[in-house]
Amino acid sequence: MTTTTGASVQLIRNATLLLDVGDTTFLVDPMFTPQGEMPTVTDNPEVPDSLTTANQDRNPLVSLPDVDLTYDAVVVTHRHPDHWDGATREELNADVSLFCQPEESAAFTDKGFTDVRPVDDETSFEGVTIHRTPGRHGHGELAEGMGPVSGFVFGGDESVYVAGDTIWYEPVEETLNQFEPDMVVLNGGKAQFDQGEPITMGVEDINAVRDTTDAMVVVVHMEAINHCLLTREELRAETEDVHVPEDGEKITLEN
């Protein structure tokens with residue numbers, strides 16, 4: 001069993017991360033599709049036909065950075081195509097250790113993955129404790145239509161809370177208070193359809209997290225998918241003490 005010392009997160013693109021907790025590296029929400037080879041979000045079957053977006057740009061909006069994708073396990077917060085795509089299914093080894101929410105485990109095994117590990121509440125991997133946490137992908141009926149989403153807290157000598165696709169709501173605050181993480185990774189971008197309220201965090205949500213925790217706050221999920229309209233520049237201008245990495249950038253927990 002490894003000894004966990006330190007924590008860092010490297011943004012690959014959108015919500016795809018390399019998360020280091022001690023000596024263990026998790027690949028989170030992998031999306032490997034080349035730039036422009038995925039349709040707009042409203043052309044995906046998971047999105048209700050009634051929803052439209054401000055633009056019809058094809059996804060991803062940017063290419064993958066040139067980084068070393070070396071990891072010990074994979075974590076998927078939910079199976080929307082900007083978090084898990086066909087290119088990833090082809091790229092990953094079938095026997096990779098893959099952690100997910102219970103509602104989606106069968107979908108991975110049906111695609112031939114042989115070491116799928118649904119996290120009901122808590123599990124562990126190579127000395128890291130993994131807790132699954134709640135999320136709400138939007139507001140009201142729109143959130144119901146977006147399906148189940150989860151976050152995960154990774155605990156070692158330091159702990160990291162990857163919130164996943166969620167807005168700020170009471171269970172996020174409860175997670176912060178319960179686990180007191182050292183680092184929090186938020187999905188920003190203020191993803192927005194023409195109908196309804198945003199389905200990921202915007203400035204107000206992120207500032208609410210910043211006001212609730214002493215943890216290092218890192219915001220990803222920006223400038224890569226066509227309905228994520230909040231830019232890095234805007235977020236940096238309207239927040240304080242928040243890290244907004246560029247694609248390929250690594251943020252290390254300050255001890």
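Below is a table of values for the structure above.
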{"item": "Label-reachable residues, segment 32-59, where backbone N falls under 14 Å from a point 7 Å from Ala107's Cα toward its Cβ", "result": "44-48"}
{"item": "Residue order for Thr231, Thr114 - accessible surface, 1.4 angstrom probe, largest first", "result": "Thr114, Thr231"}
{"item": "Farthest positive-ward along the chain dipole, Cα basis, beta-carbon charges - from Met38, Tyr161, Leu19", "result": "Met38"}
{"item": "Shape category assigned to segment 95-174 from the gyration tensor of Cα positions, a/c cut at 1.5", "result": "oblate"}
{"item": "222 nm mean residue ellipticity, helices alone, for the chain (DSSP H n ≥ 4; -39,500 (n - 2.57); rounded to 500)", "result": "-4500 deg cm²/dmol"}
{"item": "Antiparallel bridges, percent of DSSP beta bridges restricted to the chain (to nearest 5)", "result": "65 percent"}
{"item": "Accessible area (Å², 1.4 Å probe, nearest 10) - His131", "result": "40 Å²"}
{"item": "Cα shape, segment 75-223, gyration tensor, a/c 1.5 rule", "result": "oblate"}
{"item": "Cα centre as origin, Lys/Arg/Asp/Glu Cβ charges: the chain dipole, Debye", "result": "400 debye"}
{"item": "Hull shadow area, averaged, segment 211-255 [alpha-carbon convex hull, nm²]", "result": "3.8 nm²"}
{"item": "Three-way shape call for segment 7-103 based on the alpha-carbon gyration tensor, with the a/c threshold at 1.5", "result": "prolate"}
{"item": "Dipole in debye (nearest 20) - segment 97-136, about Cα centre, beta carbon charges: Lys, Arg +1; Asp, Glu -1", "result": "140 debye"}
{"item": "Förster radius 25 Å - calculated FRET efficiency between Asp66 and Glu234 (Cβ-Cβ, nearest 0.05)", "result": "0.40"}
{"item": "Neighbourhood net charge (12 Å Cβ-Cβ; Lys/Arg +1, Asp/Glu -1) for Gly147", "result": "-3"}
{"item": "Packing-based ranking, highest mean first, of 238-246, 181-189, 122-130 given that Cβ atoms within 10 Å are counted", "result": "181-189, 122-130, 238-246"}
{"item": "Selected from Asn226, Asn93, Asn14 as most flexible by GNM, with the chain as the system and alpha-carbon contacts under 10 Å", "result": "Asn93"}
{"item": "Farthest positive-ward along segment 1-123 dipole, Cα basis, beta-carbon charges - from Pro60, His78, Val28", "result": "Pro60"}
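The values are calculated or read from the model by the stated rules, or taken from the named source; none is laboratory data. Because the structure is a prediction, the values reported are computed rather than measured. Reconstructed Cβ throughout: ideal geometry from the backbone, glycine too, with neighbour counts over all protein chains shown. Quick note on the areas: whole protein, heavy atoms, side chains included, nothing else; ligands and nucleic acids left out. Shrake-Rupley method; radii C 1.70, N 1.55, O 1.52, S 1.80 Å.
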